[in-house]
Amino acid sequence: MPILLFGSRHLDLITGEKTTTIRKIWKNPLAPGDRLHCYWNLVSKERKKLFEAEVTDVEVVMFADLIKNDALAREEGFNNASELESEFRKMYPEHTSDESLYQVIRFFKLPMKEWEGAQINEKAMITKRADILFDIGKFDKSVICYTAALKIDPDDVYLLNKKGDNLSRLGEFNEALKCYDQALIKEPDNEYIWNNKAIALLNSNKPFDALKASDRAMEINDSNLIVLYWRGFIFEMLERFDNALECYDQILNLDPNDSEAWNAKGNLLSQIDRAEDALECYDRSLELCLETEPDASTWNRKGNALMELNRYKEALNCYNSALSLEPENEVFLSNRGVAFMELNRFEEAVQCFRKVLIINPENDDAQILLDECLENL
């Protein structure tokens, strides 16, 4: 019973598009008609069965020929033969002489009713794989898996919503909206999907439509913190700042320890020239963040609010705190440089702007500020 293990590079196995694999030749080479049992080769000891297949053809090739064949390399999931060669030299370090033999195995997936071994819940297996890929940010690969799972169950609301989330993160908002709309046909009172639809509409530059979707989510549950957070952001985009503040205040009434809401409220107060009030929000956000993990962006925004109040030394301390967490952030470096300028510390400002230009030579603002500092030395 030959067993084949596959990794994340072989996602086309799920869709059925991949029907070829390349392995070093075995002691007992495969032949047409042989049965294959195929598994994911997970990092952990756990291995999940993918499918059973029947071998349709086996071609034996030498390594010297294999590493020149771009077409075969692409069938195996690589961009070209050079990439295949690099990977195979790691996988098979003792089998990379020109005469080393490999077998190109072609197969077709068998219907589950024809399997020799135990059958699996294919939809659950594919969904789990999709969720793992989603969680680690591989949205292009994750959406392939969710699409494959939906071929098994086209009306699964969870899958439709997750596929929509993937597509949103890939910037394919119209396709994401189709997924959300299909899910809402099945579950019209799901506030989370209405909120996801609102986010996709907002990202599609349709803030009024986004607000309508948010209205529907609020009708279902007006205490959902996620819905309220995004609703506040939608109101900001519509320049309805009082309404946005009401949303953030409602969140903080429900959960006074929500650091993101304190931060969002601080950002909005800074935007409407209420810097003193913004500082209180940033301080509260930072206090809460320090209980979990420090937040560089909040330190930076607090620095900006202090700059508005001409409190340059305090602002400089905030930018230093931000840079201690993200030392290569060109925005934070530029802000620190400006604070140094306001304090007439031009030599230190020069060092900031020069570092910015090393990170990003095309930062025109940093170049202008650097020139101004040099004139004042």
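The values are calculated or read from the model by the stated rules, or taken from the named source; none is laboratory data. Small disclaimer: the values here were computed from a predicted structure and weren't measured. Positions of Cβ are generated from backbone atoms using ideal geometry, with glycine treated the same way; all protein chains shown enter the neighbour counts. Areas reflect the complete protein model, heavy atoms only, side chains present, ligands, DNA and RNA absent. Shrake-Rupley method; radii C 1.70, N 1.55, O 1.52, S 1.80 Å.
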(message) Can you pull out every residue in the range 295-338 that is under 21 Å from Asp277 (Cα atoms) and outside any helix (DSSP H, G or I)?
(response) Asp295, Leu309, Asn310, Arg311
(request) Determine which single condition Ile152 fails, assuming it passes every other condition in (1) at pLDDT 95 or above; (2) out of contact with any Phe, Trp or Tyr (no Cβ under 8 Å at 6 or more places or on another chain); (3) of a type outside the set (Gly, Ala, Ser). (result) (1)
(message) Taking the conditions exactly as written (free of Cβ contacts under 8 Å to residues at least 60 places away in the same chain, assigned to a helix (DSSP H, G or I), in contact with a Phe, Trp or Tyr (Cβ under 9 Å, 6 or more places away or on another chain) and open to solvent by 50 Å² or more (accessible area, probe 1.4 Å)), does Tyr229 satisfy them or not?
(response) yes
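One line per residue, one yes/no per condition, for (1) of a type in the set (Lys, Arg); (2) within 21 Å of Glu122 (Cα to Cα):
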{"residue": "Pro154", "(1), (2)": "no, yes"}
{"residue": "Val157", "(1), (2)": "no, yes"}
{"residue": "Ala198", "(1), (2)": "no, no"}
{"residue": "Asn205", "(1), (2)": "no, no"}
{"residue": "Arg216", "(1), (2)": "yes, no"}
{"residue": "Phe241", "(1), (2)": "no, no"}
(request) Being surrounded by fewer than 24 Cβ atoms within 10 Å (Cβ to Cβ) and assigned to a helix (DSSP H, G or I) is the filter; apply it to the range 194-208 and report the residue that is farthest from the chain's Cα centre (by Cα). (result) Phe208
(message) Against the condition in a loop (DSSP other than H, G, I, E, B), at pLDDT 75 or above and open to solvent by less than 70 Å² (accessible area, probe 1.4 Å), how does Ala53 come out, does it pass?
(response) no
(request) Select from the range 284-303 the residues that are open to solvent by 40 Å² or more (accessible area, probe 1.4 Å) and modelled with pLDDT of 85 or more and list them in ascending order. (result) Arg284, Trp299
(request) Go through (1) within 16 Å of Val227 (Cβ to Cβ); (2) in a loop (DSSP other than H, G, I, E, B); (3) open to solvent by less than 70 Å² (accessible area, probe 1.4 Å) and name the single condition Asp189 misses. (result) (3)
(request) Pick out the one residue from Glu246, Glu219, Glu236 that is in contact (Cβ under 8 Å) with a residue 24 or more places away in the chain and surrounded by fewer than 22 Cβ atoms within 10 Å (Cβ to Cβ). (result) Glu236
(request) Could you please tell me which pairs satisfy a Cβ distance under 8 Å, a separation of 6+ or placement on different chains, a first residue in the range 12-31 that is in contact (Cβ under 8 Å) with a residue 12 or more places away in the chain, and a second residue that is among the basic types (Lys, Arg) and part of a helix (DSSP H, G or I)? (result) Ile14/Arg129
(request) Search the range 339-369 for residues being aliphatic (A, V, I, L, M), open to solvent by 40 Å² or more (accessible area, probe 1.4 Å) and assigned to a helix (DSSP H, G or I), and hand back the single one that is farthest from Thr298 (Cα to Cα). (result) Ile368
(request) Go through the range 119-153 and give me each residue that's more than 15 Å from the chain's Cα centre (by Cα), surrounded by fewer than 19 Cβ atoms within 10 Å (Cβ to Cβ), part of a helix (DSSP H, G or I) and not β-branched (Val, Ile, Thr). (result) Glu122, Lys123, Ala124, Met125, Lys128, Lys151
(message) Restricting to the range 64-94, name every residue that is of a type in the set (Ser, Thr, Tyr) and either open to solvent by 70 Å² or more (accessible area, probe 1.4 Å) or in contact with an Asp or Glu (Cβ under 6 Å, 6 or more places away or on another chain) (or both).
(response) Ser82
